[in-house]
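So the structure is just underneath, and the comments pick up after that.
The values are calculated or read from the model by the stated rules, or taken from the named source; none is laboratory data. Just so it is clear, the structure is predicted and the values come from calculations on it, not from any experiment. Neighbour counts run over all protein chains shown; Cβ positions are idealised from the backbone, glycine included. Side chains are part of the model used for accessible areas, which takes the heavy atoms of the whole protein and leaves out ligands, DNA and RNA. Shrake-Rupley method; radii C 1.70, N 1.55, O 1.52, S 1.80 Å.
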Amino acid sequence: MAVQINTETVSTAPEISCHLMPCEIHHNEEANVCKYFETTIRKEEDLITGCMHGRPLNGEEVALPSGYTGLVVSESRKAATEDEDRMMDIKSKFNEFTYWNLDKPTSKEDTLSKALQWIDIANILHSPINQDELSQRSVTGK
């Protein structure tokens, strides 16, 4: 079974504000995030705090790497069998998001931060090698 995303609407999809929460929410419909969550968010210098169901959250705004776009998709048609391809439509897009930790500040040791670092590492590993630069490095030893 493959997952196919209809990319024809990516250019017209609305830009949204997006939050990555440290919990599982058993709800698949739209929520009034502006009214019930974003009103609890406080930004002071480099500190972002919020609250959900009385639980304190610490957040960090993260910009997606250059060349990447975040997508919010929904299944346009449920697959009738496990072998049938799943079809997804783009509902909205984002270039940055806020990720939240429960009861602790965000850090470079968070799983998300480490995962995003791999994008930069993969780009370096898979970039073409410039022969002049490689020769210069072997001569100077740097």
Could you give me the residue pairs with C-beta distances under 7 Å whose first residue belongs to the range 27-55 and is closer than 18 Å to Tyr99 by Cβ, whose second residue is of a type in the set (Lys, Arg) and modelled with pLDDT of 90 or more wherever it lies, and which are 6+ apart or on separate chains?
Thr49/Arg42
Regarding Pro105, is this residue in contact (Cβ under 8 Å) with a residue 40 or more places away in the chain, open to solvent by less than 50 Å² (accessible area, probe 1.4 Å) and either within 21 Å of the chain's Cα centre (by Cα) or closer than 30 Å to Met1 by Cα (or both)?
no
Which of the residues spanning the range 14-43 are of a type in the set (Phe, Trp, Tyr) and closer than 24 Å to Thr111 by Cβ?
Phe37
Subset of the range 1-19, residues loosely packed, with under 11 Cβ neighbours inside 10 Å and over 30 Å from Asn58 (Cα atoms), comes to Met1, Ala2, Gln4, Glu8, Ser11, Thr12
Let me confirm something: among Pro22, Pro56, which residue is of a type outside the set (S, T, N, Q) and either exposed (fewer than 13 other Cβ atoms within 10 Å of the Cβ) or assigned to a loop (DSSP other than H, G, I, E, B) (or both)?
Pro22
Tell me, yes or no, whether the range 77-85 has at least one residue that is more than 30 Å from Ala2 (Cβ to Cβ), modelled with pLDDT under 90 and not in a loop (DSSP other than H, G, I, E, B).
no
Among the residues of the range 62-79, which ones are small (Gly, Ala, Ser) and free of Cβ contacts under 8 Å to residues at least 40 places away in the same chain?
Ala63, Ser66, Gly67, Ser74
Mind listing whichever residues of the range 61-76 are part of a strand (DSSP E or B) and open to solvent by less than 80 Å² (accessible area, probe 1.4 Å)?
Val62, Ala63, Gly70, Leu71, Val72, Val73, Ser74, Glu75, Ser76
